[in-house]
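Undergrad: The structure's right below; bear with me while I get my questions together.
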Amino acid sequence: MLTGILIGILVSFAALPLLILVLEFLIRLTRSRQSKLAHDHLRRSGRLTFLDAYDDPEEGLNSPPWEDAETEYNTYLGFAPKASFATSAYQINRYHFRYVEDFPVEKAPGEIRIFVTGGSKAWGAGVTQEKLYTRLLEERFQKIPAYSRLRVICAAGGAYCTTQERIMIENVILRLSPDYVVMFSGRNDCYFGYIGKDIMLDQDYFKYRRLIHPKEPSSLELSRYDDYSFKLHFLFDRIVYHARKARQGKGPATDVPKDARRSSIDPAKVIETFFANVHIVSDISRRYGFKLIFYLEPSIFSSAKPMSAWEQSILARTGDNLRGFPEYNSEIYDKLREMLGRDAHENSYLFLDGDAAISDTTESVFSDNVHFGDRGYELIATHMLAELREIMNKATLPRNV
């Protein structure tokens, strides 16, 4: 009898790994099936969805704008796109840039390097690598004989603000001999000011602090499928979350309470911090010999663009979900537009308003209250090409012309 019990125990232990593998497979299969059904529903539905911002709806289904890129902890930036990482939708090179090639540190003779920094819109959230605006821009430049050896490198990161852009420029981009740096930015500084974050001191958007200091009290948060390599662990955390939620009587925690405006940083302070970062980069650009261009990213809350029906629905929803943010964002943007032209002239950098790229179209370009579909990124590439060509042509003119 004892022998039978021991054999039963051994069989159970031997079957456990197989059971785990079967459960892992079933979780992944179920998730894949759910995603397919959701995508098929979006394809067939006649109602307005985020796909209204796409000329190619499959592009939005392949790379939805709300899907965060894979990140990793970084000592100085806090977090960065995971180096040397690739999916079917994007590629990250060894420098943490959304760029296919691991180009050498030293430039080749005649090579021109343009780096674009910024947050998730500058990163190109919502489109695949093939439709990324920096890739389109590079391809169009390279068709011009004078710029056949030019690179346009996406050095942005999800949730980055001007502080992280400055650090990225100082710590990473400088050693790669930039000729031009484009800070494609603005909205995230407003957002973090709105939720009360001083971006010079604290901006832990992906919550790496709780991993480094696990004993710190953490809020009740819904686990995300894509954050787990082992999906059985994801299922376990989901069960624990719902059990804790039932016990505590709480809904999903969020960094943005309905009354966030009460704790918002004074817009004047946000603007002061914004210019502090831009001025540091401008000083660096003069010392190291590259040209700084500040490209104010389009904001749906402060745009001359005629809003489509889909974009009007975004505005209506955002007013409820981020109470006071549209007005807060607009107030800061109005002041930035008033100040940037003069400040750029006084501090030897250039200012471009990205809203000019989209202001003439009546079609949807915003897929949500932050990001673009492929249509918007195409317009950005076209606008940047025209503006950068003019800037670069002027830079090559004789001084007496």
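Undergrad: What translational diffusion coefficient, in µm²/s and rounded to a whole number, does the Stokes-Einstein relation yield for segment 105-184 at 37 °C and a viscosity of 0.692 mPa s, taking the hydrodynamic radius as the Kirkwood radius over Cα pairs?
TA: The Stokes-Einstein estimate is 252 µm²/s.
Undergrad: Is there a pair in Lys143/Lys291; Lys121/Lys197; Lys82/Lys305; Lys143/Lys394; Lys107/Lys207; Lys269/Lys394 whose C-alpha atoms are over 30 Å apart, and which pairs would that be?
TA: Violating the 30 Å Cα-Cα cut-off are Lys82/Lys305; Lys107/Lys207; Lys269/Lys394.
Undergrad: Moving on. Any idea of the accessible area per residue across segment 281-401, 1.4 Å probe, to the nearest Å²?
TA: 46
Undergrad: Can you grab the distance from the C-alpha centre of segment 122-198 to the C-alpha centre of segment 293-370, Å, no decimals?
TA: Computed from Cα coordinates, the inter-centre distance equals 18 Å.
Undergrad: First select every other residue whose beta carbon is under 11 angstrom from the beta carbon of Lys107; then total the charges, Lys and Arg +1, Asp and Glu -1.
TA: Local charge sum for Lys107: 0.
Undergrad: Tell me, what is the per residue accessible area of segment 113-163 in Å², probe radius 1.4 Å?
TA: Each residue of segment 113-163 exposes 25 Å² on average to a 1.4 Å probe.
The values are calculated or read from the model by the stated rules, or taken from the named source; none is laboratory data. All figures in this text were calculated on a predicted structure; none of them were measured in a lab. Because the Cβ atoms are built from the backbone with ideal geometry, glycine has one as well, and the counts that use them run over all protein chains shown. We work out accessible area using only protein heavy atoms, side chains counted, and drop any ligands, DNA or RNA first. Shrake-Rupley method; radii C 1.70, N 1.55, O 1.52, S 1.80 Å.
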